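Chemist: Shown below is the structure under consideration.
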Amino acid sequence: MFNPLLDAIFIELSSGRVFKIHTLAAQLNQLDWFELLDDDPNKALFKKNFLIMNALFQLQDELLATDQSLHIDSMDIYLSAKVDTGVTKDNPLKSYYLDWDNYNTSREDIESLLTQFWQRFSQSNHTQPITAEELQALCAVWQLPIPFSSQLLTKKWRKLALLYHPDKNPAGSEAFKKWHSEYIKLKSAASN
């Protein structure tokens, strides 16, 4: 299926800039490439990211035929004259985003994917145990009682994540990282 973002993304990448997935999404938003994709905000965000990733992987295949390379990583997306032989290897992410059946993923599946992502992310971020002083300070900032439940913490985190997520607030990237780091620390201290 043809993705109308192919040309728009190619034009943006032709500038020589290196994008992150959220900065590319913000640029495309600024150019009014997205209409309301779904009434559910989480599904709308998922669909926007799906369209971007689908276009990137389609463009990557097209460029390989012209001896150009498109490097795709969430933190680095750029065109290169040097052909990257690694892009032809089996890539489950690429297979997922090139399958249009995944565009209409259910809300439950999206939540499951997000949960899996954050679990992998938190496992890769080995944090030191939180001290009592640090716990008190963080609970004051997060307006949490001591002790607090993991459900209450998750509720507060989701509100902050929606407010500062780089896809919704490009200026909030650093704040998002800070809040997420604190969330991971607090999560280890939550009572279930």
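The values are calculated or read from the model by the stated rules, or taken from the named source; none is laboratory data. Treat the numbers as computed from the prediction; the structure is a model and nothing was measured. All Cβ positions, glycine included, derive from the backbone under ideal geometry; neighbour counts span all protein chains shown. Heads up: the accessible areas ignore ligands, DNA and RNA and are worked out on the full protein's heavy atoms, side chains in. Shrake-Rupley method; radii C 1.70, N 1.55, O 1.52, S 1.80 Å.
Chemist: Looking at I72, A26, S188, which one has the Cα that reaches farthest to the positive end of the dipole of the chain (charges on Cβ: Lys, Arg +1; Asp, Glu -1)?
Modeler: S188
Chemist: How much accessible area per residue does the chain have, in Å², with a 1.4 Å probe?
Modeler: On the way: 11690 Å² over 192 residues.
Result: 61 Å² per residue.
Chemist: Here's a follow-up. Can you give the net charge of the other residues whose Cβ lies under 12 Å from the Cβ of F148, counting K and R as +1 and D and E as -1?
Modeler: Residues near F148 contribute +3 overall.
Chemist: Taking the chain on its own, what percent of its Cα-Cα pair distances exceed 29 Å?
Modeler: Roughly 34 percent, rounded to a whole number.
Chemist: Further question on the same structure: So which helices of the chain fit the span-like rule, where a helix is a whole DSSP H run, its Cα atoms reach 30 Å or more along the axis, and its mean Kyte-Doolittle is at least -1.0?
Modeler: 41-64
Chemist: Need the full-extension length gain, D38 to L113, defined as separation in residues times 0.36 nm minus the C-alpha distance. One decimal, nm.
Modeler: The D38-L113 span can extend by a further 25.2 nm.
Chemist: Right, something else. Order the peptides 135-144, 57-66, 19-28 from the highest to the lowest mean number of other Cβ atoms within 10 Å of their residues.
Modeler: Peptide ranking by packing, descending: 19-28, 57-66, 135-144.
Chemist: At a 1.4 Å probe radius, carbon and sulfur cover how many percent of the accessible area of the chain?
Modeler: On the chain, the fraction of accessible area on carbon and sulfur atoms equals 54 percent.
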